[in-house]
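Student: I'd like to ask some things about the structure below.
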Amino acid sequence: GRDTKLFTNRRVLFVDVKGLVGKKIEFLSLPYSSIHAFYVQTAGAILDRDTEVRIFTNMFGSLYRLDQDFRHG
């Protein structure tokens with residue numbers, strides 16, 4: 001896909017490509033120190049291809065939730 005989430009040793013970087021030709025690209029850099037909670041749901045095996053991750057932060061003044069699905073296909 002065109003949208004990407006990168007998990008590094010210091011932060012999570014979210015890249016969101018807008019439009020059909022990708023003329024507008026939005027970047028969000030979230031340091032791990034600003035993450036207050038996270039949620040992981042799997043289909044039975046640890047970190048299988050049907051995993052969902054939710055990250056909760058109050059970095060933007062109110063509780064903010066970021067979702068990532070690691071789905072097969």
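The values are calculated or read from the model by the stated rules, or taken from the named source; none is laboratory data. For clarity, every value in this text was computed on a predicted model and none was experimentally measured. In this analysis, Cβ positions are derived from the backbone assuming ideal geometry, glycine residues included, and neighbour counts consider all displayed protein chains. Only protein heavy atoms, including side chains, enter the accessible area calculation; ligands, DNA and RNA are left aside. Shrake-Rupley method; radii C 1.70, N 1.55, O 1.52, S 1.80 Å.
Student: Within region 5-37, count every residue that is among the hydroxyl-bearing types (Ser, Thr, Tyr) and farther than 19 Å from residue 57 by Cβ.
Tutor: Restricting attention to region 5-37, the residues satisfying the condition of being among the hydroxyl-bearing types (Ser, Thr, Tyr) are 8, 29, 32-34.
This time we only want the ones that are farther than 19 Å from residue 57 by Cβ, so: none.
The qualifying residues number 0.
Student: A further question follows. Take the residues in region 23-42 that are in a helix (DSSP H, G or I) and open to solvent by 60 Å² or more (accessible area, probe 1.4 Å), then tell me which one is farthest from residue 13 (Cα to Cα).
Tutor: The initial filter retains those residues of region 23-42 that are in a helix (DSSP H, G or I), namely 32-34.
Adding the requirement that they be open to solvent by 60 Å² or more (accessible area, probe 1.4 Å) leaves 32-33.
Numbers: 32: 11, 33: 14 Å.
Residue satisfying both the conditions and the ranking: 33.
Student: Do any residues in region 1-28 that are hydroxyl-bearing (Ser, Thr, Tyr) and modelled with pLDDT under 85 have Cβ atoms under 9 Å from those of residues that are assigned to a strand (DSSP E or B) and surrounded by 10 or more Cβ atoms within 10 Å (Cβ to Cβ), where the two are at least six apart or on different chains, and which pairs are they?
Tutor: 4/13; 4/14; 4/15; 4/16; 4/17
Student: Condition first: hydroxyl-bearing (Ser, Thr, Tyr) and at pLDDT below 75. Can you find one or more residues in region 33-52 that meet it? Full working, then the answer.
Tutor: We begin by selecting, within region 33-52, every residue hydroxyl-bearing (Ser, Thr, Tyr); these are 33-34, 39, 42, 51.
Now restrict to residues that are at pLDDT below 75: none.
No: zero hits.
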